[in-house]
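Only the coordinates and a few stated rules stand behind these numbers; no lab work does. This one's a predicted model, so the numbers in the text were calculated from it and none came from an experiment. When we count neighbours, we look across all protein chains shown, and the Cβ atoms used for this are built from the backbone with ideal geometry, even at glycine.
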Amino acid sequence: MDISGKIIEVLPVLSGTSSRGDWKKQDYVMELFDGKQGTQYPSRVCFTIFGEEKIQQLNIQKEQELTVSIDFSAREYNGRWYNDLRAWRSAPYNASAQGQAQPMAPGAAPSEPFSAAPAAPVAPAAPVANGETQAPAAGNDESSDLPF
């Protein structure tokens, strides 16, 4: 899965030793380009790069705008579940190549006005002999009691 955004935090490198040998990992916090930039509650995600070679290869810096390819996984430990988002590729963010709109400045109006799709025609109710109307036949959307 690819996510796009701006790196807002680069956390310290963590290292250790396991049965397989020495390891290093680094976490990054990204503010996503999802239409909520500049809002009070922007969407953020923390992802990890595992391996010293990969950390050096990707060379992610604070304030960079990137598209990052990540893999999701979850694991259980002592009855609790933990999510892991590992990045394996990054590239400079390019909104036009992604088919996404450029982020808008806070308070800016969209360039195209909102236009709703035209409403579907509704079949009129059939009149009955006593002057009341009868609901359309079952199977039509209008026969439900839902407000939409």
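Averaged over every viewing direction, what's the projected area of the C-alpha convex hull for region 2-96? Give it in nm², one decimal, please. Before the final figure, lay out each step's value.
Numbers: hull surface 30.1 nm².
Spelled out: convex hull of the Cα atoms, projected over all directions, averaged, 7.5 nm².
Provide the packing ranking of 75-82, 27-34, 43-50, i.e. peptides ordered by the mean count of other C-beta atoms within 10 Å per residue, highest first. Present the calculation step by step, with values, prior to reporting the outcome.
On the way: 75-82: 7.1, 27-34: 18.8, 43-50: 16.1.
In decreasing order of mean packing, 75-82, 27-34, 43-50 become 27-34, 43-50, 75-82.
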